[in-house]
1. Taking the range 170-187 as the region of interest, how many residues are at pLDDT 80 or above and within 18 Å of the chain's Cα centre (by Cα)?
2. Looking only at the range 196-227, filter to residues that are open to solvent by less than 40 Å² (accessible area, probe 1.4 Å) and acidic (Asp, Glu); which one of those is modelled with the lowest pLDDT?
3. Please give the number of the condition GLN165 fails out of (1) polar (S, T, N, Q); (2) modelled with pLDDT under 65; (3) part of a helix (DSSP H, G or I).
4. Here's a check for you: in the range 135-158, which residue that is surrounded by 15 or more Cβ atoms within 10 Å (Cβ to Cβ) and at pLDDT 90 or above is nearest to GLU199 (Cα to Cα)?
5. Quickly run through the range 19-77 and pick out the residues that are of a type in the set (S, T, N, Q) and open to solvent by 70 Å² or more (accessible area, probe 1.4 Å).
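The values are calculated or read from the model by the stated rules, or taken from the named source; none is laboratory data. Just so you know, these numbers come straight off a predicted model, no measurement behind them. For neighbour counting, all protein chains shown are included, and Cβ atoms are generated from backbone atoms with ideal geometry for every residue, glycine included. Just so you know, the surface numbers come from the protein's heavy atoms only, side chains and all, with ligands and any DNA or RNA stripped out. Shrake-Rupley method; radii C 1.70, N 1.55, O 1.52, S 1.80 Å.
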Amino acid sequence: MTCESSQALGHLLRDLAPQVLGAVTRRHGDFADAEDAVQDALLAAATQWPAAGVPDNPRGRLYHVALRRLIDQARSDVSRREREQSVVREAPDTASPADDMSNDLSIDGDDTLLLLFMCCHSSLTSASAIALTLRAVGGLTTREIASAFLVPEATMAQRISRAKQLIKSSAVPFAEPGVAARAARLQSVLRVLYLIFNEGYASTEGAEFVRTDLSNEAIRLVRTLYL
């Protein structure tokens with residue numbers, strides 16, 4: 001793969017990551033688990049697609065692979081619990097939630113804006129919400145986010161990890177926020193979109209000083225927000 005092709009693939013995966021994460025989170029319900037599965041899917045794509053070629057529906061393929069990761073993990077967890085309890089259980093008559101996921105491979109629509117509002121969760125401080133959203137939606141690395149906040153990378157990694165745990169413990173479903181919740185999170189959302197655009201306009205890391213993919217995504221989300 002040429003350098004140009006490699007860069008094009010990187011841009012494609014960066015663009016698709018928040019869309020796939022939003023869809024998988026909506027389907028699975030657990031943001032942290034969904035993010036891990038999507039990261040595995042992106043890593044597999046970055047490894048395999050340069051030789052095999054980009055599939056006709058790359059977003060659908062990433063979504064499918066991420067769901068398979070969740071299914072495998074769920075089955076592994078069940079097996080581990082059964083071994084720990086040393087109990088032989090009969091297979092249930094109904095399909096498990098993990099198995100049911102394999103029957104839903106639809107990824108119509110774009111959940112990126114919904115993911116954006118979920119990351120700007122009411123249980124998080126403004127700083128934590130912005131950091132988490134820059135990671136999940138903006139595709140920025142922990143180092144880039146730490147640079148934007150002028151804190152050490154390790155500190156930012158801990159902040160993002162705590163933010164994900166707070167969202168998980170809140171048990172708030174991944175759904176469109178109501179009018180009041182949307183208004184309460186709007187300032188954080190707008191701040192995030194500004195930072196994403198800013199990182200694209202003047203990148204703090206990498207060989208590219210201008211990252212139009214980030215700027216264009218910020219502009220697209222702002223337009224979607226005001227529709």
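1. Total meeting the criteria: 0.
2. ASP213
3. It fails just one condition, (2).
4. The qualifying residue nearest to GLU199 (Cα to Cα) is MET156.
5. Passing the criteria: GLN39, THR47, GLN48, ASN57, GLN73.
One line per residue, one yes/no per condition, for (1) touching a residue at least 60 places away in the same chain (Cβ under 8 Å); (2) on the phi > 0 side of the Ramachandran plot; (3) assigned to a helix (DSSP H, G or I):
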| position | (1), (2), (3) |
| --- | --- |
| GLY10 | no, no, yes |
| PRO18 | yes, no, yes |
| ALA37 | no, no, yes |
| ALA44 | no, no, yes |
| GLN48 | no, no, yes |
| ASP56 | no, no, no |
| ARG59 | no, no, yes |
| ARG69 | no, no, yes |
